[in-house]
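The values are calculated or read from the model by the stated rules, or taken from the named source; none is laboratory data. Since the model is a prediction, treat every value here as computed from it, not as a measurement. Note that we place each Cβ from the backbone using ideal geometry, even for glycine, and neighbour counts take in every protein chain shown. Protein only, heavy atoms only, side chains kept; ligands, DNA and RNA dropped before computing areas. Shrake-Rupley method; radii C 1.70, N 1.55, O 1.52, S 1.80 Å.
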Amino acid sequence: MASNFNPYPNPSPIPPTPHHPKPQTHFSQSPQTLSADPNPDPKLVITGGAKLSGHVSISGSKNSALPILAATLCCTGTSKLKNVPNLSDTRTMTSVLGSLGAEIEFSDNEVVVKTDGVGSVEPDPTRIGKFRGGFFVVGPLLARFGEAVVGLPGGCDIGARPVDIYVSGLRALGAVVEVRDNKVVAKTANGKRLAGGRFRLDYPSVGATETLMMAACLAEGKTLLSNVAREPEIIDLARFLTKTGAHMEGVGTDKICIYVKSRLLGAEYGIMPDRIETGSFMLAAAITRSRISLSPVFPGWLSSLIDKLVGAGCKITHKHNMLEVSSSTEDLRGFDVGTLPYPGFPTDLQPQTMAFLSTCNDLSIVDESVFENRMTHVKELQKLGAKIQVFGSTALIYGKEKGNKLCGTRVLASDLRGGMSIVLAGLAAEGVTEVNGVSHIDRGYENLENKLRLLGADVKRFEFSKSNLQQ
Ligand code: EPZ
């Protein structure tokens with residue numbers, strides 16, 4: 001869009017620039033420095049400017065693995081899940097299942113879950129409080145055991161994350177649900193099975209759709225859910241449930257009909273590739289003006305990002321399940337984008353896209369409409385030299401206007417995707433970027449620094465382990 005376009009009559013001034021400072025060229029990495037930190041968190045040190053090349057193998061999807069792990073609780077017997085990303089969130093999810101009495105083996109991206117020993121309907125609240133995905137177990141527990149007591153979920157700090165839609169939906173299936181002492185306490189009305197019913201979600205919440213699908217699978221009557229989420233992860237969950245014996249129709253549209261089944265039996269299933277990891281690496285290629293290939297990828301899942309990157313001037317081709325992204329020119333065009341539920345532009349790629357836009361020509365506008373507070377990365381991108389103004393949930397990104405450029409400095413990841421956005425900015429920045437708070441990024445990116453290094457990026461991880469630093 002034209003760089004003089006201004007949608008706001010009286011915009012606040014751009015915050016005083018912390019840049020253009022001299023790019024940082026090194027950081028102290030002495031063990032003493034880190035051991036003084038009472039909460040040592042790994043850090044990534046990135047020397048920016050390297051061109052990327054080569055191939056990246058995409059891991060299994062976190063946001064598909066989490067509900068599918070929860071769904072194993074709907075089944076008797078053993079489930080074997082393949083292509084499960086080894087992440088702190090998936091490990092926490094397996095520990096949630098373990099706290100209920102499930103037997104778990106997690107090795108080499110394969111998780112075997114035996115649920116016959118499940119004897120509790122109350123997962124360890126300290127584990128549930130660590131992330132959003134743990135709350136999914138409320139649906140399977142209620143469906144299979146008639147009762148669930150689940151602490152309110154934690155997760156990234158990206159705005160209020162209520163569970164009202166979950167609660168109303170479970171009530172529509174005949175459950176008696178109360179929220180007290182920071183817990184959701186749910187029981188089936190007759191002490192036996194959920195009843196099935198009709199329910200329209202006020203908003204196509206991904207987690208609520210998944211939870212209600214799992215709950216409805218074992219209900220006594222047919223269930224019709226409308227205004228449901230249509231994300232590919234919903235389809236992956238439905239495929240797993242179908243393998244276990246569930247019967248549903250309409251998945252991938254805005255209505256899902258789930259038919260009566262009295263029992264589901266554990267199954268073997270391969271988790272879909274992570275479309276958000278894919279999009280993040282596509283943006284890594286774009287922000288560094290490089291050429292990389294990625295697989296396995298289903299380009300249709302990312303068409304909203306692909307269209308924008310092509311519009312910016314990147315070249316994207318695909319053959320079978322392999323995608324190639326290249327951008328041979330420094331002069332890429334900015335664009336406007338607003339996040340929406342699938343098939344709209346994913347909120348989980350908004351922060352990374354903003355980092356990319358700060359390296360493009362022209363003014364770009366980013367609107368975040370899914371979460372109310374997903375802008376915390378802006379402050380960190382500004383530290384790196386990005387010129388961004390925020391008005392509520394809208395950000396204006398001034399790109400390379402007036403010689404703006406990214407320069408390395410010390411930054412802090414405060415949530416998963418925001419953390420990835422500053423990693424991407426660090427790859428493109430002049431000098432050295434030190435990314436702190438890396439445990440947030442570890443929740444969602446498997447082997448991040450190894451994958452980036454294989455592409456030629458200069459990224460080092462520093463871990464604090466008791467008495468010394470490990471690189
Ligand atoms: C899932 O979160 C993903 N998490 C998120 O991934 C993703 O950002 C989000 O979907 C949207 O795509 C997992 O799958 C584990 P929502 P979820 O319910 O299910 C409001 C990442 O970075 N809402 O679709 O929690 C809610 O406040 C992450 O990997 C209600 O108001 O998202 C939000 O504004 C973080 N009441 C909107 O809906 C409810 O009862 C969308 O949330 C439920 C949700």
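Could you please let me know if ASP307 is within 22 Å of ALA386 (Cβ to Cβ) and assigned by TED's automatic domain parsing to the domain that holds ALA428?
Working: within 22 Å of ALA386 (Cβ to Cβ): no; assigned by TED's automatic domain parsing to the domain that holds ALA428: yes.
Criteria not met by ASP307.
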Query raised in the report: When the range 389-436 is examined, which residues are found to be assigned to a loop (DSSP other than H, G, I, E, B) and within 29 Å of THR329 (Cβ to Cβ)?
Result: TYR398, GLY399, LYS400, ASN404, LYS405, LEU406, GLY408, THR409, ALA429, GLY431
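Being more than 16 Å from the ligand (Cβ to nearest atom) and open to solvent by 20 Å² or more (accessible area, probe 1.4 Å) is true for just one of LEU454, LEU427, LEU406. Which residue is that? Talk me through it step by step, then tell me what you get.
Working: LEU427 fails: open to solvent by 20 Å² or more (accessible area, probe 1.4 Å); LEU406 fails: open to solvent by 20 Å² or more (accessible area, probe 1.4 Å).
On inspection, the qualifying residue turns out to be LEU454.
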Query raised in the report: How about the range 372-383: which of its residues are open to solvent by less than 30 Å² (accessible area, probe 1.4 Å) and in a loop (DSSP other than H, G, I, E, B)?
Result: ARG374, MET375
**Report entry** Among the residues listed as GLN389, GLN352, the single one being touching a Phe, Trp or Tyr at 6+ places or on another chain (Cβ under 9 Å) and either among the polar types (S, T, N, Q) or modelled with pLDDT under 95 (or both)
**Finding:** GLN389
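For ALA386, are the conditions met, namely being closer than 24 Å to SER364 by Cβ, assigned to a strand (DSSP E or B) and either over 23 Å from the mean Cα position of the chain (by Cα) or of a type in the set (Gly, Ala, Ser) (or both)?
Working: closer than 24 Å to SER364 by Cβ: yes; assigned to a strand (DSSP E or B): no; either over 23 Å from the mean Cα position of the chain (by Cα) or of a type in the set (Gly, Ala, Ser) (or both): yes.
Criteria not met by ALA386.
Here is a yes/no grid of residues against (1) closer than 21 Å to ARG275 by Cα; (2) among the charged types (D, E, K, R); (3) buried (at least 16 other Cβ atoms within 10 Å of the Cβ):
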| site | (1), (2), (3) |
| --- | --- |
| TRP301 | yes, no, yes |
| ILE306 | yes, no, yes |
| GLY344 | yes, no, no |
| GLN350 | yes, no, yes |
| SER393 | no, no, yes |
**Report entry** strands (runs of 3 or more DSSP E) (entirely within the range 75-167) containing at least 3 residues that are within 12 Å of the ligand (Cβ to nearest atom)
**Finding:** none
Query raised in the report: Taking the stated definitions as given, is SER262 of a type outside the set (Asp, Glu), open to solvent by 40 Å² or more (accessible area, probe 1.4 Å) and under 30 Å from ALA102 (Cβ atoms)?
Result: yes
Query raised in the report: Among the residues of the range 246-256, is any in contact (Cβ under 8 Å) with a residue 24 or more places away in the chain, closer than 20 Å to ASP164 by Cα and surrounded by fewer than 19 Cβ atoms within 10 Å (Cβ to Cβ)?
Result: yes
**Report entry** Criterion violated by SER290 - all others in (1) closer than 20 Å to VAL378 by Cα; (2) away from the ligand (no atom under 16 Å from the Cβ) satisfied
**Finding:** (1)
**Report entry** Members of the range 221-232 that are part of a loop (DSSP other than H, G, I, E, B) and either at pLDDT 95 or above or aliphatic (A, V, I, L, M) (or both)
**Finding:** LYS222, ASN227, VAL228, ALA229, ARG230, GLU231
Query - Single condition GLY279 does not satisfy, out of (1) without any contact (Cβ under 8 Å) to a residue 60 or more places away in the chain; (2) assigned to a helix (DSSP H, G or I); (3) touching an Asp or Glu at 6+ places or on another chain (Cβ under 9 Å) - result: (1)
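With respect to LEU381, is the statement that it is of a type in the set (A, V, I, L, M) and within 23 Å of ASP274 (Cα to Cα) true? It would help to see each step written out before you state the result.
Working: of a type in the set (A, V, I, L, M): yes; within 23 Å of ASP274 (Cα to Cα): no.
In short, no.
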Report task. Look at the range 172-220 and say how many of its residues are more than 16 Å from the ligand (Cβ to nearest atom), part of a strand (DSSP E or B) and open to solvent by 40 Å² or more (accessible area, probe 1.4 Å). Result -> 4
Report task. For the range 437-446, state whether one or more residues are part of a helix (DSSP H, G or I) and polar (S, T, N, Q). Result -> yes
